[in-house]
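Coordinate-derived values only; no laboratory data. These numbers were taken from a predicted model, which means no experiment stands behind them.
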Amino acid sequence: MTAQSESDITNTFVPQRLDTRAPLNELLGRRWSPRAFSEREIEPAKILTLFEAARWSPSSANEQPWHFIAATKEDTRINNALFESLTEGNRRWARRAPMLVLGVAQSVYSKSGRAYHHAWYDLGQSVANLTVQASALGLAVHQMGGFDAGKVRELLSIPEGYEPVVVFAVGYAERPETLPDDLRRREEEPRSRKPLETMVFTEGWGKASRLVDAHNSVINDPRSKN
């Protein structure tokens, strides 16, 4: 990691994380989805590294169904098309982001022609890889479902058999003070997640697993936090 990347990481605003039950890797601990972005350009080597991280994601039958349409401010027509596809709420803050990316999923297996039911899942894994790599480089990623898939398909001539799934902004996070007041307040709110007991089951649906029980001695053993 370069000294500049270390500085980017150190100086990045990250809101408080509530109720973390177990220690996380530092890269995951820093990952979040800011709305405040600097207009600073992303170095080409870092952009290449992001997509290389995405490329090495796992996928069903190694099909690798992910495709990306990426545009910096220099790619004016494509960047504008991606921006115009966003909902008004996302346009309020995404304008400053130096790069917008559309994630597209292949909808059938290339060899058999069968429906690729796991394509969106695999695309999601690929983007997750990219977001963690972004954290390592001092960058931030904000993923958006709020966009017009039909509009972006038309504007960018995406063929049948491929589904626009997500648009995400990439760049260097800025201080929340650069946002309108309502968005700034949302930016500064502590982050939280649903309790593990509501999502991890063993004995039956809806019954919290003993593996995530708050009284589990392994979870509460200080030696487990190494």
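Indicate the gyration tensor shape class of the chain (rounded, prolate or oblate), computed on the Cα atoms with a ≥ b ≥ c the square roots of the eigenvalues: a/c under 1.5 is rounded; otherwise a/b larger than b/c is prolate and the rest oblate. It comes out oblate by the Cα gyration axes.
Classify region 23-66 as rounded, prolate or oblate from the Cα gyration tensor: take a ≥ b ≥ c as the square roots of its eigenvalues, call it rounded if a/c is under 1.5, otherwise prolate when a/b beats b/c and oblate if not. Could you put the intermediate results ahead of the total?
Details: a/c = 2.35, a/b = 1.35, b/c = 1.74.
Oblate, because a/c is 1.5 or more while a/b does not exceed b/c.
What are the semi-axes of the equivalent ellipsoid of region 23-122, taken as the square roots of 5 times the eigenvalues of the Cα gyration tensor, listed largest first and rounded to whole Å? They are 27, 19, 14 Å, listed largest first. Taking a cut-off of 20 Å between Cα atoms, list the aspartates and glutamates near Lys111, but don't count ones fewer than 8 places away on the same chain. Within the straight-line limit of under 20 Å, Lys111 reaches these aspartates and glutamates: Glu63, Asp122, Glu160, Glu163.
Note on Lys73: aspartates and glutamates with a C-alpha under 18 Å away, same-chain residues under 8 apart excluded, are Glu39, Glu41, Glu43, Glu84, Glu174. The alpha-carbon of Lys207 sits under 18 angstrom from the alpha-carbons of these lysines, leaving out residues fewer than 8 places away in its chain: Lys194.
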